[in-house]
Amino acid sequence: MNKTILITGASTGIGAATARTLAEGNTVFVHYNSSEQPAREVANEVGAAGGTAHLVQADVTTEEGCTQLVNELKTKTSRLDVLVNNAGGLIRRNPIGDRLEWELMEETFRLNTFSTMLITSLCLPLLKNGSDPCVINLSSIAARHGAPSATIYGACKGAVDTFTRGAAAELAPDIRVNAVAPGVIDTPFHEKVSTPERMKQFAEKCPLKRNGSPDHIAATVRFVLENDFLTGETIDVNGGLFMR
Ligand SMILES: NC(=O)c1ccc[n+]([C@@H]2O[C@H](COP(=O)([O-])OP(=O)(O)OC[C@H]3O[C@@H](n4cnc5c(N)ncnc54)[C@H](OP(=O)(O)O)[C@@H]3O)[C@@H](O)[C@H]2O)c1
């Protein structure tokens, strides 16, 4: 493909799978925050698959972190074809009835929503130099239906969906902007926020009777980037857990 691609949060889970899926023939910026060793392994896998990998570290929960990330990118490339805003997470569960914590609300929005919006904006000069440039944001099934105790997170991803449509309208026809909304995917995301019992219950509730793998989402990211008539869309990949 010969694309230049930035994947935020590519050290583990969906971001890592996306880096592997898009590796061949492409230059992939593998962003991470704290998981340096896993990120190095992903970069090695990108190289082994016939791609070129660059590691880039930043905490995207701050304006400085997002700016530092894009500034570093600009020292290594003058163009970007694909931006995957994948870094994110639930942080911790907080039922509304327990009183919502202001700091958690802020932190969750910074991680999932503010970073997506600011990094997209900061990358525009690079994307404008790209070929069929596109932005792909990671949303969630939590934005689609009520996700008890993950309501803050769901609201953050709802904002990501709205941002996706707004940016798609604003940046057309030059840059496509879409989102992918995974269902329950077996990644390190759930290690701190979902017990094995809860994961089993998710799988039982799912019509396909299983949780998804990061590769299911990476394949969808690839589909979105390859379909040049797609913009402003959020694609659900959830085994039927949410149907519309
Ligand atoms: N797994 C699911 O069931 C599921 C469902 C719906 C949506 N999603 C969404 O899919 C995306 C990927 O999730 P995942 O399941 O692959 O989770 P994951 O394995 O926990 O990966 C999260 C990634 O985000 C990065 N990250 C976390 N905090 C960061 C920070 N402060 N600054 C920069 N990067 C940070 C992590 O980097 P380090 O480890 O290097 O710090 C890691 O690479 C997220 O946006 C998530 O909300 C996941």
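Things to note:
- Restricting region 173-197 to residues that are part of a helix (DSSP H, G or I) and surrounded by fewer than 13 Cβ atoms within 10 Å (Cβ to Cβ), the residue that is nearest to the chain's Cα centre (by Cα): PRO196
- Screening ASP186 with (1) without any contact (Cβ under 8 Å) to a residue 12 or more places away in the chain; (2) within 19 Å of VAL42 (Cβ to Cβ) gives one miss only, at (1).
- Residue within region 122-133 that is in contact with a strand residue (DSSP E or B) (Cβ under 6 Å, 6 or more places away or on another chain) and modelled with pLDDT of 95 or more present: yes
- Qualifying residue in region 27-46 (condition: away from the ligand (no atom under 14 Å from the Cβ) and in contact with a strand residue (DSSP E or B) (Cβ under 6 Å, 6 or more places away or on another chain)): yes
- If you check SER78, SER121, SER115 for being among the hydroxyl-bearing types (Ser, Thr, Tyr) and within 14 Å of the ligand (Cβ to nearest atom), only one passes: SER115.
- Tally, over region 68-104, of residues that are in a helix (DSSP H, G or I), closer than 30 Å to THR27 by Cα and of a type in the set (D, E, K, R): 3
- Checking each residue in region 204-222 for being surrounded by fewer than 17 Cβ atoms within 10 Å (Cβ to Cβ) and either within 16 Å of the ligand (Cβ to nearest atom) or of a type in the set (D, E, K, R) (or both) picks out GLU204, LYS205, LEU208, LYS209, ARG210, SER213, ASP215, ALA219, ARG222.
The values are calculated or read from the model by the stated rules, or taken from the named source; none is laboratory data. Keep in mind it's a predicted model, so treat the numbers as computed, not measured. Reconstructed Cβ throughout: ideal geometry from the backbone, glycine too, with neighbour counts over all protein chains shown.
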